[in-house]
Each structure stands twice: as C-alpha cells, then as structure tokens.
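Down below is the structure, laid out as structure tokens.
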Amino acid sequence: MALETKLDLKLTQKLVLTPQLQQAIKLLQLPQLELTQAINQELMQNPFLEEAQDELREELPDGNDSPSSQIQEQDEQSQETTPDENLLPLEKMMRFMVDDYFEERGHDGRDLGYFNPGVETAPSFEQFASSSTTLYDHLNWQLRLTDAPEEIKEIAELIIGNIDENGYLKTTVEELSELSGKPVQKVEEALRIIHDLDPPGIGARDLKECLLIQLRHLGLEGTLVERIVQNNLKDLEKKNYNAIVKQYNATLEDVMMAVNIINELDPKPARNFASHETNYIVPDVFVERTEEGFKITLNEEGMPRIRLNSYYRMILANQKDLTKEEKKFLTEKLRSAMWLLKSLDQRNRTIYKVTESIVKFQRDFFEKGKDYLKPLNLKTVAEDIHMHESTVSRVTLNKYLACEHGIFSFRFFFSSGLKNSDGQEVSSTIVKEMIKKIIESEDPRKPYSDQKIADLLKQKNIKIARRTVAKYREELKIPSHSKRKRVNLS
C-alpha cells in the first residue's frame with residue numbers, strides 16, 4: 001500500500017466555549033452571596049466598572065460641580081455632538097449594549113426588580129455578636145489551674161491542639177510521643193489529666209472511651225451500666241435488651257434503668273463549644289400575592305449596582321493620546337465590562353422567566369400551600385420558556401424563593417410523581433411529608449414498619465411499594481422501626 005500526502009477540505013460544526021460565554025454560564029448558576037463577591041472582584045480588576053451611588057453630589061466651595069460630574073457632562077456632550085457614523089465600531093457597540101439595551105429592558109412591562117434606589121441597607125446583626133469561648137481556651141484555662149509538672153502540661157497542651165470539634169482525640173499516643181519527643185508513659189499521663197477536665201468525656205479516642213470517662217465522673221465504675229458500655233454497645237444499637245438480660249442474669253427493669261442512664265450521656269462532649277457560624281438563607285426571588293395576581297421581584301439587596309466609568313470612556317474616545325498597549329488594554333477591559341453588564345442582565349431575565357414558569361405550573365401551591373404541590377420536571381419548564389434544560393438546571397441550583405408559605409429551594413418545586421387510586425399524579429414531596437407525619441404520630445413502643453406505612457398510605461389513595469417507603473424514609477433520615485422503638489417500663 002503506497003503512502004501519499006494530500007489535502008482534504010472538511011466542513012464541521014464545533015461548539016467553542018469562549019471566556020465570555022464561560023463567564024455568563026458561571027454567573028447564571030451563582031447564588032446571590034457568591035454573585036456579590038464576583039461583582040466586587042470585577043470592580044477591583046476592571047477600571048471601566050464603578051459602583052453607582054445614590055447619594056447626591058455635593059458642590060465644591062467655589063460653586064462648581066465635582067470633577068466626576070464635569071467628566072460626565074463632557075462625556076454626554078461629546079455623545080450628543082458626535083454623529084453615529086463617525087463613531088468607531090467599538091463605541092457603536094458600547095452605545096447600543098449599554099444605553100439602548102438597558103433602556104429597552106425597561107419597556108417590556110415586567111418589574112424585574114433590578115434597582116432599588118433609596119433603599120438603605122441596615123447594619124447586619126452579626127456585627128454586634130460577641131465571640132464565645134473556644135474549646136481550646138476552655139481546656140487550657142483548666143490545665144493552667146492544675147498542679148501537674150510543666151513537662152506534662154506541655155504535652156497536655158499538645159494533646160488539646162489535636163482534639164476535634166466533637167471532643168475526640170484524632171491522633172494516637174505513639175504519634176504524640178514522636179511529635180513531642182517524650183516517652184509514651186508521659187503522654188498517657190498527660191492524657192489522663194485531659195480526661196479529668198470539663199466537659200466530661202473530652203479527649204476520648206472513641207465512643208466507648210468517651211462514655212466510660214463520663215461514667216467515671218458520675219461514680220458509676222464497676223456497675224451494670226459500665227459493663228454494658230464496655231461489652232454491649234452493638235446490642236444497644238439494635239435494642240437487643242433480652243441478650244443483655246441473659247448475659248448478666250439481670251432483670252429487664254435493671255437493664256432499662258442502665259440504658260436510660262447511658263442515653264443521658266453525651267456522645268459529643270464538645271458540642272456546646274462548637275463555633276460554627278450561623279448562615280441565614282437569603283432568597284434570590286420574592287413571590288408576592290396581589291389583587292392582579294402574583295408579583296415576582298428579584299432580590300438585589302446588598303448587591304452592588306455597577307455602571308461604566310465615564311472618565312475611562314472619555315480616555316478611550318481620545319485614542320490619539322494613547323499608546324498601542326494602552327489602547328489594547330482599555331479596549332479589552334471595555335469589552336469585558338460590557339459583557340459583564342449584559343451577562344448580569346441576561347441572568348436576571350432568565351431567573352425571572354424560570355420563576356414565572358414555576359408560579360404558572362405550581363399556582364395551587366402558591367395559593368393554598370404545601371399539600372397542593374404538583375409533580376414537575378426541568379424539561380417541562382425548559383419547554384415552556386423555550387430554553388435548554390441545562391440552562392434551567394443551572395438557574396435552579398443553590399437558589400431560593402420566598403413566598404407567603406416560607407422560603408424554599410428552587411429544586412423543591414421539581415419532584416417526580418406517583419399515581420393515586422384515582423389515576424392522578426401526586427408529588428413525591430407530598431408523599432414524603434405524609435410519611436413523616438405518620439411516623440410522628442406513631443406509638444414509640446410499637447413503631448410502624450415500612451409495610452404498615454405503605455398500607456396506611458394506601459388508605460389515603462396513595463399506592464406505593466414498601467421499598468419506596470424505605471427509600472423515602474432514608475432520604476428523610478428517619479431510622480427503621482426497630483431503631484425507633486422505645487421501651488418504657490413505667
């Protein structure tokens with residue numbers, strides 16, 4: 001077979017994600033807090049972007065306007081006197097995209113809630129919150145009050161630094177010995193001091209040791225309670241109390257008294273010192289019921305309102321005073337700024353359309369409440385607003401909607417459907433709520449099995465298999481009926 005070199009001409013279609021398109025996709029799926037951070041980052045990097053201020057401009061002492069107002073007036077005059085045919089292609093694009101584009105947006109008959117002039121942002125309550133004592137400080141304060149030798153205190157301080165947020169020691173004695181350069185016996189002596197500190201159970205290496213330390217603090221060493229913790233934690237987990245009765249030749253009443261004591265112990269002794277910051281959900285969209293229908297408003301509170309800087313626009317207009325590198329830099333930054341403004345506007349439009357479609361399909365929910373939620377999928381909404389399903393998926397990711405019934409994730413409104421005995425579809429979210437209410441109303445001494453829950457749902461015209469009940473129960477993080485069982489001898 002002869003080898004030869006030849007040229008072939010082929011026509012192919014290829015989807016290329018430009019940096020601008022990647023930025024638009026990224027902005028589309030960002031929640032409000034992260035979007036605010038992204039905008040602030042762009043404000044620092046791009047000189048063409050500035051934050052619009054609602055405050056009135058103060059006049060200078062001599063009665064003249066401020067320099068920024070003069071620049072803006074000059075820029076407006078230059079735009080009025082410069083005919084469009086004399087503008088550069090970039091300037092024409094800038095005029096259309098920034099002026100006409102946003103002016104056109106205001107005449108589409110919808111309140112997109114882009115701007116809220118005159119709204120003052122109140123200081124956050126987090127600014128006035130006091131910091132609580134950390135676990136590390138609490139333990140070190142107690143350690144300094146002990147009469148242990150300085151060598152042991154140094155090792156104990158090292159141990160405290162390796163205790164996690166639940167109060168457990170996350171390293172071995174041998175590793176601490178190697179790290180401190182001290183014998184294992186010294187490390188164990190320091191660890192015993194840690195075990196005597198408050199809260200009881202601190203510094204344990206596993207659950208069993210944590211519970212045993214707490215029992216020692218209660219003076220229950222050598223009792224039935226300690227033996228059960230030492231040998232029968234798996235039986236406790238399975239609630240196999242009869243096996244414990246036979247093993248120790250005790251009465252069920254004595255075993256249950258011991259179990260009640262164990263239940264009062266804390267498996268996470270450092271939970272009260274957890275310094276997790278409370279994060280509040282900020283809704284991206286508000287849906288308000290009015291006499292005319294439902295009003296949709298995008299939440300722009302706390303988000304910087306950006307615009308093009310007139311000073312740099314004027315500099316770029318006088319290109320004869322710029323070098324080639326300066327002209328290239330400013331041109332790229334201008335394109336980036338205009339694309340960001342367009343991407344933000346497109347993001348708001350898309351979120352509005354998706355919300356409008358959700359309100360359309362879930363109107364009964366917004367009017368009557370959770371029990372009237374209907375099955376809905378992303379494809380249905382995508383077809384309704386003539387967008388791709390992946391776009392709707394990005395819009396509904398990590399975003400929240402506030403209405404009179406509460407604050408809900410956008411994904412809350414999308415659920416699969418189950419057919420009832422009448423042939424009508426019921427949302428799986430409603431079925432989960434029904435399962436949750438059934439379990440809450442059960443007798444804790446005789447909890448319902450998954451099959452019994454399925455039978456109870458069947459009585460309410462919901463035909464569902466036992467394995468589906470088990471699946472929904474696990475999604476709700478509800479344990480099985482054997483683990484929900486409570487024994488009460490009183």
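Would region 335-356 turn up any residue that is of a type outside the set (Val, Ile, Thr), surrounded by 16 or more Cβ atoms within 10 Å (Cβ to Cβ) and over 30 Å from Leu33 (Cβ atoms)? No, there is no match, as no residue in region 335-356 is of a type outside the set (Val, Ile, Thr), surrounded by 16 or more Cβ atoms within 10 Å (Cβ to Cβ) and over 30 Å from Leu33 (Cβ atoms). Of the set (1) at pLDDT below 80; (2) hydroxyl-bearing (Ser, Thr, Tyr); (3) within 26 Å of the chain's Cα centre (by Cα), all apply to Ser482 but (3).
When Glu157, Glu126 are checked against the criterion of being modelled with pLDDT of 90 or more and in a helix (DSSP H, G or I), a single residue qualifies: Glu157. Counting only residues that are part of a helix (DSSP H, G or I) and of a type outside the set (Val, Ile, Thr), region 194-246 holds 26 of them. Tally the residues that are free of Cβ contacts under 8 Å to residues at least 24 places away in the same chain and more than 23 Å from the chain's Cα centre (by Cα), restricting the search to region 364-399. Looking only at that region, the number is 9. For region 449-470, does any single residue satisfy the condition of being under 30 Å from Glu356 (Cα atoms), surrounded by 14 or more Cβ atoms within 10 Å (Cβ to Cβ) and touching a Lys or Arg at 6+ places or on another chain (Cβ under 7 Å)? Looking through region 449-470, none of the residues is under 30 Å from Glu356 (Cα atoms), surrounded by 14 or more Cβ atoms within 10 Å (Cβ to Cβ) and touching a Lys or Arg at 6+ places or on another chain (Cβ under 7 Å).
Checking every residue in region 263-270 against the condition of being over 30 Å from Ala337 (Cβ atoms) and in a helix (DSSP H, G or I) gives at least one match.
Identify the single condition in (1) crowded, with 16+ Cβ neighbours inside 10 Å; (2) closer than 21 Å to Ser428 by Cβ; (3) of a type in the set (Asp, Glu) that Asp364 does not satisfy, given that it satisfies every other one. Unmet for Asp364, out of (1) crowded, with 16+ Cβ neighbours inside 10 Å; (2) closer than 21 Å to Ser428 by Cβ; (3) of a type in the set (Asp, Glu): (1). A search for C-beta distances below 9 Å between a residue of region 199-210 that is over 13 Å from Ile163 (Cα atoms) and any residue that is among the polar types (S, T, N, Q) and not in a loop (DSSP other than H, G, I, E, B), counting only pairs 6+ apart in sequence or on different chains, returns Pro200/Gln214; Lys208/Gln230. Note down all Cβ pairs under 7 Å where the first residue falls in region 271-298 and is under 30 Å from Thr133 (Cα atoms), the second is at pLDDT below 80, and they're at least six residues apart or on different chains. Qualifying pairs under 7 Å: Ser275/Ser132.
Looking only at residues in region 150-188 that are polar (S, T, N, Q) and over 14 Å from Asp137 (Cα atoms), the one that is surrounded by the fewest Cβ atoms within 10 Å (Cβ to Cβ) is Gln185. Checked against (1) surrounded by 13 or more Cβ atoms within 10 Å (Cβ to Cβ); (2) touching a Lys or Arg at 6+ places or on another chain (Cβ under 8 Å); (3) on the phi < 0 side of the Ramachandran plot, Ile262 passes all but a single condition, namely (2). Within this structure, Glu175 passes the test of being more than 23 Å from Phe273 (Cβ to Cβ) and either part of a helix (DSSP H, G or I) or not small (Gly, Ala, Ser) (or both). Of the residues Asp345, Asp284, Asp321, Asp266, the single one that is under 23 Å from the mean Cα position of the chain (by Cα) and acidic (Asp, Glu) is Asp284. Restricting attention to region 1-26, the residues that are in a helix (DSSP H, G or I) and either surrounded by 10 or more Cβ atoms within 10 Å (Cβ to Cβ) or modelled with pLDDT of 75 or more (or both) total 7. Among the residues in region 197-207, are any touching a Gly at 6+ places or on another chain (Cβ under 6 Å), closer than 20 Å to Ile262 by Cβ, assigned by TED's automatic domain parsing to the domain that holds Ile159 and surrounded by 14 or more Cβ atoms within 10 Å (Cβ to Cβ)? Within region 197-207, one or more residues are touching a Gly at 6+ places or on another chain (Cβ under 6 Å), closer than 20 Å to Ile262 by Cβ, assigned by TED's automatic domain parsing to the domain that holds Ile159 and surrounded by 14 or more Cβ atoms within 10 Å (Cβ to Cβ).
The values are calculated or read from the model by the stated rules, or taken from the named source; none is laboratory data. Owing to the predicted nature of the structure, the values given are computational and were not obtained by experimental measurement. Glycine gets a Cβ as well: all are built from the backbone with ideal geometry, and neighbour counts include every protein chain shown.
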